[in-house]
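Reviewing the structure listed below.
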Amino acid sequence: MNNSLSGTARLLGAGLRALLVLTVICGVIYPLAVTGVAQAFFNHKANGSEITSDGKVVGSELIGQRYDLPLKKGQETPEPDLKWFQPRPSNGLGTNSVNTQYKLILSGATNLAGDNGAVNGRCPTDAAEGTLCAQVLAARDAVIKDNSTADYKVKPEDIPAEAVTSSGSGLDPHISPQYAKIQVHRIAERNHLDVQQVEQLVKDHTDDRILGFIGEPRVNVLNLNIALKELTEK
């Protein structure tokens, strides 16, 4: 009996010591080491890839933002502020009462199938309301209407896919250089700038493929709009 109790006591003691050691290693030492390395070598990324403008944090390189006009009386959806470069659609964004500026509490895709609303593999012009086809066609028409100017007309075949579809998270901070270029004439007209100035702005803020072969060229909309703001204030 005594041997049994002493054996059990030894096992419990060993288990508690192991728990204590592993708690210290995994719960204290390891997190501190990882945090220390991240802060020392990847400080910007470890702190949320924050972007500052005029000395204030205005967002993150990792999370998209919308650029809309204030809601008018009776409106449920705000109109885009067309003096700024616009991101891809964010249909997945949910509303919340905690962060009313960015509305990032809820995110996600539409969860609609790629052929939702399609007939024989194509989107009909009379696609049923609420289907993916209807959303894409409406977004396409908006891109053409918003970005066509007196001397520049957007062609439907020039519109890239991300201009009319939301990302899986609804928070994609990037657009393609092609979509940015479609917006150049509208931006120049609305901000009284030369088209060449705005084209150069897009070029300067286009990131190439990672390591030259991973992913696609992309433009961070927030960084681009900050540069646009600085250009218009000169």
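Tabulated data
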| read-out | value |
| --- | --- |
| Local electrostatic count, His174, Cβ distance below 11 Å [Lys/Arg +1, Asp/Glu -1] | -3 |
| Within a Gaussian network of the chain (alpha carbon springs, distance under 10 Å), most fluctuating of Ala163, Ala138, Ala180 | Ala138 |
| Among 124-133, 42-51, 168-177, the order from most to least packed when residues are scored by Cβ within 10 Å on average | 168-177, 124-133, 42-51 |
| Pairwise FRET efficiency - Leu69 versus Asp126, Cβ, R0 = 45 Å, nearest 0.05 | 0.90 |
| Structure-based [θ]222 nm, the chain - -39500 (n - 2.57) summed over DSSP H runs of at least 4, per residue, nearest 500 | -12500 deg cm²/dmol |
| Long-range amide H partners of Asp68 with built H, under 5 Å | Asp81 |
| Top of Thr165, Thr77, Thr52 by mean-square fluctuation, Gaussian network on the chain, Cα under 10 Å | Thr77 |
| Angle between the chain longest axis and helix 177-191 axis [Cα atoms, degrees, rounded to 10] | 60 degrees |
| Between 0 and 90°, nearest 10: helix 132-147 axis offset from the chain longest Cα axis | 60 degrees |
| Amide H within-cut-off set for Leu193, under 5 Å, with H built and near neighbours excluded | none |
| Over the chain, relative contact order from alpha-carbon pairs under 8 Å, at least 6 apart, % | 17 percent |
| Gly170 long-range amide H proximity, modeled H, under 5 Å | Gly108 |
| Global form of the chain, assessed from the alpha-carbon gyration tensor, a/c cut-off 1.5 | prolate |
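Bear in mind that the values in this text are calculations on the coordinates, not laboratory data. Quantities reported herein were computed from a predicted structural model and do not represent experimental measurements. For neighbour counting, all protein chains shown are included, and Cβ atoms are generated from backbone atoms with ideal geometry for every residue, glycine included.
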